[in-house]
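The values are calculated or read from the model by the stated rules, or taken from the named source; none is laboratory data. Values in this document were obtained by computation on a predicted structure and should not be read as measured data. Positions of Cβ are generated from backbone atoms using ideal geometry, with glycine treated the same way; all protein chains shown enter the neighbour counts.
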Amino acid sequence: MVYFVKTIVGFIILDVYLNVGIARAGSFWVQVVLVLLFFPLLKGILFLTRKDLQSIGISFHPKWWRNMMLGFAIGFSFWLIKYIIEYVLNGYEVTGTMPFSQMILSLLMIMLTFFVGSFLNDIIVRGYVFGHLKGKIPMKWVFILSLVLYALDDSWNEGFSLSNTFFSLLLGLSLTYAIYKTGSIWADTGIHWGLNVCYGIFNGTLGSTGGGIIITKDGPQTMILEVISYIIPLLMFLFLYLVRNKLRHRDGSTASFLSKEINW
């Protein structure tokens, strides 16, 4: 019981630190300092729960970079398809592009900002949860709990609504399956990072229409556009499942988190 209390308190501290402390800091350099301090905080909590970084999926195994780049390609590609379909369906119009002199710096900021945000979120809602609960409760419940926590955690950024929660659950399938399948955080972070970078190209780091490298103007929102926003993450999960053997476990094999599939 004490272990679970420590685990829950640790999760709450990390989640609030990320979503209130880092995300809402008023200065870029304050955010940088807070991001750097996140890791000593994480190490302190792991010390109290008797875990280490490898146990929560931060393992630099021989295939970690390959997993992350494959994940990035999947996430970016499916989100680009989503934007192309929305454009064809008049969900937005392209009104211009950012001046070339600003593009490179903006792209670097998008890449960096969304990597950090994706990485820290993945550590908390998937790595931390899987690392602390595997072997304590059945793996299917670890998977479901991590998925639900991600959907609820997303309300920090988007606000709570049934549609956003449903979208986050569908998106979370790919992210959660990636860490389950590989036993490390990198494929999960790659997918998360890739789709966020695509989002940032169209919306900037602050997520505002017209704030991206490609400048857009929203069109009328229709039911079919909302359905597309649900179908794309579902198709991404199905694709990830089909190519699951391309993802490597931290020991170099294609085994899942517990070296066997979830017994539903």
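Across the stretch 130-161, what is the number of residues that are within 20 Å of Leu46 (Cα to Cα) and aliphatic (A, V, I, L, M)? Number satisfying all stated conditions: 5.
Matching residues to (1) touching a strand residue (DSSP E or B) at 6+ places or on another chain (Cβ under 9 Å); (2) of a type in the set (Val, Ile, Thr); (3) modelled with pLDDT of 95 or more:
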position	(1), (2), (3)
Val2	no, yes, no
Leu14	no, no, yes
Ala25	no, no, no
Leu37	no, no, yes
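Out of all the residues in the stretch 88-110, which are surrounded by 10 or more Cβ atoms within 10 Å (Cβ to Cβ), of a type outside the set (Val, Ile, Thr) and not in a helix (DSSP H, G or I)? Of everything in the stretch 88-110, those that are surrounded by 10 or more Cβ atoms within 10 Å (Cβ to Cβ), of a type outside the set (Val, Ile, Thr) and not in a helix (DSSP H, G or I) turn out to be Leu89, Asn90, Gly91, Tyr92, Glu93, Gly96, Met98. Looking only at the stretch 121-146, residues that are closer than 15 Å to Gln54 by Cα and either of a type outside the set (Lys, Arg) or surrounded by fewer than 20 Cβ atoms within 10 Å (Cβ to Cβ) (or both) come to 11 in all. Taken together, Ile45, Ile84, Ile12, Ile58 contain a single residue that is within 14 Å of Ile124 (Cα to Cα) and surrounded by fewer than 12 Cβ atoms within 10 Å (Cβ to Cβ), which is Ile12. For Leu170, the conditions (1) assigned to a helix (DSSP H, G or I); (2) hydrophobic (A, V, I, L, M, F, W, C); (3) free of Cβ contacts under 8 Å to residues at least 40 places away in the same chain are fulfilled apart from (3). Of everything in the stretch 147-182, what is surrounded by fewer than 23 Cβ atoms within 10 Å (Cβ to Cβ) and either touching a His at 6+ places or on another chain (Cβ under 7 Å) or on the phi > 0 side of the Ramachandran plot (or both)? Give them in sequence order. Within the stretch 147-182, Gly159 is the sole residue that qualifies. Taking Gly91 as the residue in question, decide whether it is at negative phi and in contact with a Phe, Trp or Tyr (Cβ under 8 Å, 6 or more places away or on another chain). Here the answer is no, as Gly91 does not meet what is asked. Counting the residues of the stretch 212-241 that are of a type in the set (Ser, Thr, Tyr), surrounded by 13 or more Cβ atoms within 10 Å (Cβ to Cβ) and in a helix (DSSP H, G or I) gives 2.
With respect to the stated conditions, Trp79 is crowded, with 20+ Cβ neighbours inside 10 Å and either in contact with a Leu (Cβ under 8 Å, 6 or more places away or on another chain) or not in a loop (DSSP other than H, G, I, E, B) (or both).
Scan the stretch 84-99 and give yes if some residue there is closer than 30 Å to Val9 by Cβ and touching a residue at least 60 places away in the same chain (Cβ under 8 Å), otherwise no. Taking every residue of the stretch 84-99 in turn, none turns out to be closer than 30 Å to Val9 by Cβ and touching a residue at least 60 places away in the same chain (Cβ under 8 Å).
Between a residue in the stretch 210-227 that is free of Cβ contacts under 8 Å to residues at least 12 places away in the same chain and any residue that is surrounded by 14 or more Cβ atoms within 10 Å (Cβ to Cβ) and aliphatic (A, V, I, L, M), which pairs come within a Cβ distance under 8 Å, given they are 6 or more apart or on different chains? Close Cβ pairs satisfying both conditions: none exist. For the stretch 185-206, the tally of residues that are touching a residue at least 24 places away in the same chain (Cβ under 8 Å), within 16 Å of Asn157 (Cα to Cα) and either of a type in the set (S, T, N, Q) or assigned to a loop (DSSP other than H, G, I, E, B) (or both) stands at 3.
Here Leu152 fulfils each of the conditions (1) under 22 Å from Val129 (Cα atoms); (2) at pLDDT 95 or above; (3) under 19 Å from the mean Cα position of the chain (by Cα) apart from (2).
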